[in-house]
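Enquirer: Got a structure for you, questions after.
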Amino acid sequence: MSHSTTSQSSPCRFAHYFVICGIDNETGLEPDALAVDQYSKKKKKKKKERRGKLRQCYFRENFDQSPLKRTFKSKVLAHYPKNIECNPFDQDAVNMLCMPKGLSFRTQRDSRTPQFHSFLITREDGSRTYGFVHTFYEEVTSPQICSAMQTLHQMHQAEHNASAHNCYDSVRDTLYVSKAMCLITPMPFMHSCKGFLSQVHRAVISHQPPPLPLESYIYNILYEVPLPPPGRSLKFHGVYEPILCQRPGVGELPLADFPLSEAFRLLGVENLVQIFTCVLLEMQILLYSQDYQRLMVVAEGITTLLFPFQWQHVYVPILPASLLHFLDAPVPYLMGLQSKEGTDRSKLELPQEANLCFVDIDNHCIELPEEFPQFPNKTEFIQELSEVLLSFGLSPEGGNTSPDPAVSMQTSTLEKELKNTSLRELVDDRRNGNLGGEALDVLELLQGNPTLERLQALAKRTGVKVARLEALVAGQKAVGEESVGGRSPAEEEELRNAKLNVQLREVFAARFATMFADYESFVIQNSPDLESWLTNREQMHNFDKASFLSDQPEPYLPFLSHFIETQMFATFIDNKIMSQWEEKEPLLRVFDGRIEKARLYNVRAPSLRSSVYQKCTFLKESAQAIEQRLRKIDHTAIHPHLLDMKIGQGKYQQGFFPKLQADVLASGPTNNKWSNRTCSTQRRVDRHRQQNDHLVLDNELKEKYMQEARNLGKNLRQPKLSDLSPAVIAQTNWKFVEGLLKECKMKTKRMLVEKMGREAVELGHGEANITGLEENTLIASLCDLLERIWSHGLQVKQGKSALWSHLLHYQAREEKNEQLSESPGEQNLSHKCIREKRKLESSVGLPALRVSLIQDMRHIQNMGEIKTDVGRARALIRLSLEKKLLSQHLKQLLSNHALTKKLYKRYAFLRCEEEKEQFLFHLLSLNAVDYFCFTSVFTTICMAVIIPIKKLSNAMTTSNPWLCVSGELGDSGILQITKNVLEMTFDCQNLGKLTTVQLGHDNSGLLAKWLVDCVMVRNEITGHTYKFPCGRWLGKGVDDGSLERVLIGEFVVPCSDDDGGRGTKTPPLQRSPSQIRRIKPTTVQIQESIGEAVNNIIKHFHKPEKERGSLTVLLCGEGGLVWALEQFFHHGFRSARIFQKNVFVWDFYEKVVAFVENADQIGDLQETPEPLGLNCESFCRYVNAINTMPRNIGKDGKFQLLVCLGARDRMLPQWLPLLAECPVITRMYEENALLRDKLTVSSLVAVLETLHDFPITLESSLTKSVEL
């Protein structure tokens, strides 16, 4: 067959290549080049570097060990065919993955048990090729190799004074070397390939030669066994026994042949679900085991469970020794690392561990990243998985329980019968090929005919026998029993594994189908065609994240808010959008089908989201589909047969794999029916593609857009194994640097756009409000990115956090420099601080905090609640972001070039000057918005309070002052201030954003009057400063007689000489209204201010709950409801009295209460309408409760409290008419007062009634001690 024909049919062949790897007798023993390089490097650097790197840790033993345990180069000895167009043969990669640790030698004293492992190669387009390897030991027959091994042993013995007893002796010992057989296939039919390779090995070591030369079996699997069509099963023949495989149908979960039971047995359900969560959140996952197959089973098992999502980043389940530098990759990865026997985990030095999930498979334990959300309904999910495992006799904790009794009830005699049957089948070739014999055709015709079936049933009832037909049926039954009832234990085990696999996968798939049942409603499709969508992909929002999250149950949010930010979710949504122009991606098609099916069975409104756990309903159905395929075989491949071989070739020698005849294995048959059928199908597909070429984008252009738009961080899904030159490694690292910079740009842009809210929407940037949850997710994502940047290109690994390790080095150097002398840089900083200090002292009275990275580090180090280096690094990032110093601090850290050079290799991101500058610029852009990401997360803070002294104030007050600071998260409790000091520092629990300060004194001594201009409160860690204006007296017989005031805070925006990026100013919060009102407002202004105050409260309740801020400010702050109503009640108020004693609105209230109570005693109120009577009673009750409380808050304070309570309890609109109609009003208000205008009062009542729809809650600082 011509090469072109081979390549045309190859996509539909079961196997693409058969490969043999082992020792090349001509070149002899070649030590592993990497090991030699590392050894020589180690010798040179031994004094310079005591701490070895990861690779040295792996190779340093190579020359210290006995030669039998050293690593030697293996080679690809043969592969058939030479090449396939659709899957070019990569010799270096295959050799590296077939024998990842090179050749290994044994003697007759050592165990030589054959090993099986698998691997995969991911091509640049993301498609995968699977390899299945059977490694066995073969006796070394070359005298040169035996002699070389003995010489190495003698040298080792002399150098290390080793005993001669354990040394290899070519006379006394037999030397064996590893050899590997490998099948490379387009699909992961693991069980079938394992079965075939083990049968070939049995033929090699058997006393009897196989029925046919080995070439026949290899030729058969390469060229005559097709891939089973979707939804069908296939039987083909190995050397001794038939082999079965099946392929899922179009609507089923895709093929996954690696045993999930093994992954669950190795790790247990709890651990596996945790690793699965880390994979979903695209963390770095490192699998660790001595056994290559275990690495592959766990990696493939976990990625299989991701359906309908796909891992988008570096994926290397078996990391060859030559690629250990890939552990330095600053991107999410899923890799497998082989552990050395006896190697302790603590000795393994990894480049970075801040975002690493380390899975020690052999010891059944995992190390998780510090911060990551739990999978939704984790407990119920684990329970359902445990039930499935228990039904198959497996323990959810890992290990085995009693196996299914049905599986173990097979006998060895049955095995022997099956072997004999398969041998007879090989001799009797009548049933060869896809078609049965003539008799089988007759039987199928008869059994498929309903009329003949009825005749047969009638004949049975009347006792008439149809001899020929019964003989055919009996014969077919025997064959059926042979293939169904009489299944071998291996086949039963395979069926059991397949059923368990699919049921476990269905449970995982059902979780996603439940969580994303309505995802399609939130996909934003606003492009007219594919080209415009691809061109603008990066600037567009494809998924309405905010609306999607608002529709989810509360317990799901921590996980989902992280997950919808991942690359795998973005790719899933991209595939959904592209499906309107192209054929649906297979996984998406199956998933959408599942959701559609679930809707048919379970009709519910999309908006009714429930966190109630829903179990999977597809378990039985999916297991039955597999069982039917494996019990009723759809296709049988052509049997192996004699080939046209030269005489003398294929000679059998027990224990040695023969040298195969290359010319017969170079190409396949030209007359194979299925291959011709495949070719014609392929031609049809090609024609169809050519016809549609003008409708879609040019493939190269499309690929370019897709790489740029979708493949951020995943353009290195698989490292190129075939070329490991320094240039290629440098290019790889450069791609990492570019990827990190692009990721930084996208993350900072997203954080800015989300935080800017509505203003950004108006500018065309997409979604509006950002919730606290989303903000926290984005900041956590930024922390992960910074850790990955700081771990890239590290010289020596120290601690789990690369960033914190760098900071500690910097701190040590700076503190040493401080002791010696202050550096010019620090002097510049101190000058800048002095300027800021002067400016702040003149404006607000608090000394400026020094802008210092070291100082901020010390704050973090003093916080006892943070226990780890990773936690400290994240806390510093949050603190710097809140202080708008992130870019400045990191710039300061990196300004020490000598330190950076010492810690990082030349190719590291932090040593690429241009990229580093751009990175710092992107971080600088975050100063444009305010974050409270430190304040909102950490529980302990340090506060400084100062009460500036004014000239009119009595500085020598004899009373004992106190204050209580309140915020969104709580209050500090009563804090006593030292007499006449009027400033203090205290530690307390995190109060969140500050809202109020209660300030007072105990009125003791002769000089108990105190004029307070304002109170300044500063968070000493974040530098956030709040000003609480007062401008009132505290003391008996002065002002309104108050000994205590509640002050409302305003956030003080820091200012510096150069606004270079320090940020745009946030509008100040409302502050406490002051007593002095020089300009009297007009009636129109008063009515407008009331309307605006009420509107602000209504707007507050229309915002998402987490974005509302403080209601106290809207009630009591300047421009608030209390302030507006005070203006209303002061209009036309006769406040001046004899001796110029002030009269307050509260005096009017007390007179109204006195009048009402007096009238009630006389009986005048008996005739008033019932509602007015009730209003009188409630008003009197509230005023008396406020007057009798132990707090001395003064008359204005009492007015404020009454308004707040009236707003909360919906009483204000009822009390206004009462106050307006009370006769007392004529003595205390002018004729033109607003309160005496009935029309104005009725309109004010209507405005205040609009607040009745909202639940107004009051801070405890306002309502303390009031009993109603």
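Enquirer: Could you check region 551-588 and list, in sequence order, the residues that are free of Cβ contacts under 8 Å to residues at least 60 places away in the same chain, assigned to a helix (DSSP H, G or I) and either of a type in the set (Asp, Glu) or closer than 24 Å to GLU506 by Cα (or both)?
Expert: If the condition is that a residue be free of Cβ contacts under 8 Å to residues at least 60 places away in the same chain, assigned to a helix (DSSP H, G or I) and either of a type in the set (Asp, Glu) or closer than 24 Å to GLU506 by Cα (or both), then GLU554, ILE573, ASN575, LYS576 are the ones that fit.
Enquirer: If you don't mind, another one. Kindly list the number of the only condition in (1) open to solvent by 20 Å² or more (accessible area, probe 1.4 Å); (2) more than 28 Å from LEU1201 (Cβ to Cβ); (3) in contact (Cβ under 8 Å) with a residue 12 or more places away in the chain that fails for VAL981.
Expert: Result: VAL981 passes all but (3).
Enquirer: If you don't mind, there's one more thing I want to ask. Which condition from (1) in contact with a Cys (Cβ under 9 Å, 6 or more places away or on another chain); (2) open to solvent by 40 Å² or more (accessible area, probe 1.4 Å) is the one that THR135 breaks?
Expert: Failing condition for THR135: (2).
Enquirer: A further question follows. What strands (runs of 3 or more DSSP E), lying completely within region 69-184, carry at least 2 residues that are touching a strand residue (DSSP E or B) at 6+ places or on another chain (Cβ under 7 Å) and β-branched (Val, Ile, Thr)?
Expert: 115-122, 128-139
Enquirer: Does CYS245 fit the bill of being in a strand (DSSP E or B) and either of a type outside the set (A, V, I, L, M) or in contact with a His (Cβ under 6 Å, 6 or more places away or on another chain) (or both)?
Expert: Considered against the rule, which asks whether it is in a strand (DSSP E or B) and either of a type outside the set (A, V, I, L, M) or in contact with a His (Cβ under 6 Å, 6 or more places away or on another chain) (or both), CYS245 comes out as yes.
Enquirer: Going by the structure shown, is SER40 surrounded by fewer than 14 Cβ atoms within 10 Å (Cβ to Cβ), assigned to a loop (DSSP other than H, G, I, E, B), among the hydroxyl-bearing types (Ser, Thr, Tyr) and at pLDDT below 85?
Expert: It is false that SER40 is surrounded by fewer than 14 Cβ atoms within 10 Å (Cβ to Cβ), assigned to a loop (DSSP other than H, G, I, E, B), among the hydroxyl-bearing types (Ser, Thr, Tyr) and at pLDDT below 85.
Enquirer: Which one of these does THR113 not meet: (1) open to solvent by 50 Å² or more (accessible area, probe 1.4 Å); (2) over 30 Å from ASN220 (Cα atoms)?
Expert: (2)
Enquirer: Within region 537-546, does at least one residue satisfy the condition of being open to solvent by less than 20 Å² (accessible area, probe 1.4 Å), under 28 Å from ILE382 (Cα atoms) and touching a Phe, Trp or Tyr at 6+ places or on another chain (Cβ under 9 Å)? Give the steps one after another, and end with the answer.
Expert: Going through region 537-546, the residues open to solvent by less than 20 Å² (accessible area, probe 1.4 Å) turn out to be 542-543.
Going one step further and asking which of them are under 28 Å from ILE382 (Cα atoms), we end up with none.
No, the conditions are met nowhere in region 537-546.
Enquirer: How about region 942-978: which of its residues are open to solvent by 30 Å² or more (accessible area, probe 1.4 Å), of a type in the set (A, V, I, L, M), touching a strand residue (DSSP E or B) at 6+ places or on another chain (Cβ under 6 Å) and at pLDDT below 75?
Expert: LEU952
Enquirer: Do we find that PRO229 is open to solvent by less than 50 Å² (accessible area, probe 1.4 Å) and of a type outside the set (Ser, Thr, Tyr) in this structure?
Expert: Values: open to solvent by less than 50 Å² (accessible area, probe 1.4 Å): no; of a type outside the set (Ser, Thr, Tyr): yes.
So PRO229 fails the test.
Enquirer: Do we have any residue at all in region 256-273 that's assigned to a loop (DSSP other than H, G, I, E, B), crowded, with 22+ Cβ neighbours inside 10 Å and at pLDDT below 85?
Expert: yes
Enquirer: Taking the stated definitions as given, is GLU1231 under 26 Å from ASN1187 (Cα atoms), of a type outside the set (A, V, I, L, M), open to solvent by 70 Å² or more (accessible area, probe 1.4 Å) and not in a helix (DSSP H, G or I)?
Expert: no
Enquirer: Give region 787-805 a look and list any residue that's in a helix (DSSP H, G or I) and surrounded by fewer than 24 Cβ atoms within 10 Å (Cβ to Cβ), or say none. So that I can check it myself, show each step before the final result.
Expert: First, the residues of region 787-805 that are in a helix (DSSP H, G or I): 787-791, 802-805.
Answer for region 787-805, where residues must be in a helix (DSSP H, G or I) and surrounded by fewer than 24 Cβ atoms within 10 Å (Cβ to Cβ): just SER805.
Enquirer: Test ASN95 against the criterion of being modelled with pLDDT of 85 or more and touching a Lys or Arg at 6+ places or on another chain (Cβ under 8 Å), and give yes or no.
Expert: Yes.
Enquirer: Next question. Give the number of residues within region 574-587 that are crowded, with 17+ Cβ neighbours inside 10 Å and under 24 Å from SER532 (Cα atoms).
Expert: The total comes to 6.
Enquirer: Hey, could you check region 1239-1263 for residues that are in a loop (DSSP other than H, G, I, E, B) and within 30 Å of PRO1190 (Cβ to Cβ) and say which is modelled with the lowest pLDDT?
Expert: Looking at residues that are in a loop (DSSP other than H, G, I, E, B) and within 30 Å of PRO1190 (Cβ to Cβ), I get GLU1259.
Enquirer: Restricting to region 151-175, and then to whatever is open to solvent by less than 40 Å² (accessible area, probe 1.4 Å) and not small (Gly, Ala, Ser), can you tell me which residue is nearest to ARG247 (Cα to Cα)?
Expert: Checking each candidate, the answer is LEU175.
Enquirer: Report, by residue number, each residue of region 1069-1097 that is modelled with pLDDT of 85 or more, among the polar types (S, T, N, Q), within 47 Å of the chain's Cα centre (by Cα) and open to solvent by 50 Å² or more (accessible area, probe 1.4 Å).
Expert: The answer is ASN1095, and nothing else.
Enquirer: Checking ASN828 against (1) at pLDDT 85 or above; (2) open to solvent by 70 Å² or more (accessible area, probe 1.4 Å): exactly one of these is not met. Which one?
Expert: Here ASN828 clears every test but (1).
Enquirer: What number of residues within region 346-396 satisfy the criterion of being assigned to a strand (DSSP E or B), buried (at least 16 other Cβ atoms within 10 Å of the Cβ) and among the acidic types (Asp, Glu)? Lay out the reasoning, then the answer.
Expert: So the first thing to find is which residues in region 346-396 are assigned to a strand (DSSP E or B), and the list is 356-360, 365-367, 394.
Checking which are buried (at least 16 other Cβ atoms within 10 Å of the Cβ) leaves us with 356-360, 366, 394.
Remaining after also requiring among the acidic types (Asp, Glu): 360.
Summing the residues that are assigned to a strand (DSSP E or B), buried (at least 16 other Cβ atoms within 10 Å of the Cβ) and among the acidic types (Asp, Glu) in region 346-396 gives 1.
Conditions tested, residue by residue: (1) open to solvent by 20 Å² or more (accessible area, probe 1.4 Å); (2) touching a residue at least 12 places away in the same chain (Cβ under 8 Å); (3) not in a helix (DSSP H, G or I).
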{"site": "GLU494", "(1), (2), (3)": "yes, yes, no"}
{"site": "VAL502", "(1), (2), (3)": "no, yes, no"}
{"site": "THR514", "(1), (2), (3)": "yes, yes, no"}
{"site": "ALA517", "(1), (2), (3)": "no, yes, yes"}
{"site": "ASN526", "(1), (2), (3)": "yes, yes, yes"}
{"site": "LEU549", "(1), (2), (3)": "no, yes, no"}
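Enquirer: Based on this model, can you work out whether PHE559 counts as within 28 Å of SER127 (Cα to Cα) and open to solvent by less than 20 Å² (accessible area, probe 1.4 Å)? Lay out the reasoning, then the answer.
Expert: Values: within 28 Å of SER127 (Cα to Cα): no; open to solvent by less than 20 Å² (accessible area, probe 1.4 Å): yes.
Against the criterion (within 28 Å of SER127 (Cα to Cα) and open to solvent by less than 20 Å² (accessible area, probe 1.4 Å)), PHE559 does not qualify.
Enquirer: I need the full set of residues from region 186-225 which are open to solvent by less than 20 Å² (accessible area, probe 1.4 Å) and not in a helix (DSSP H, G or I), in order please.
Expert: PRO188, PHE189, VAL225, listed by residue number.
The values are calculated or read from the model by the stated rules, or taken from the named source; none is laboratory data. Here the structure is a predicted model, which means the values were calculated and not measured. Positions of Cβ are backbone-derived with ideal geometry, glycine not excepted, and every protein chain shown enters the neighbour counts. Keep in mind that these areas ignore ligands, DNA and RNA; they rest on the heavy atoms of the full protein, side chains included. Shrake-Rupley method; radii C 1.70, N 1.55, O 1.52, S 1.80 Å.
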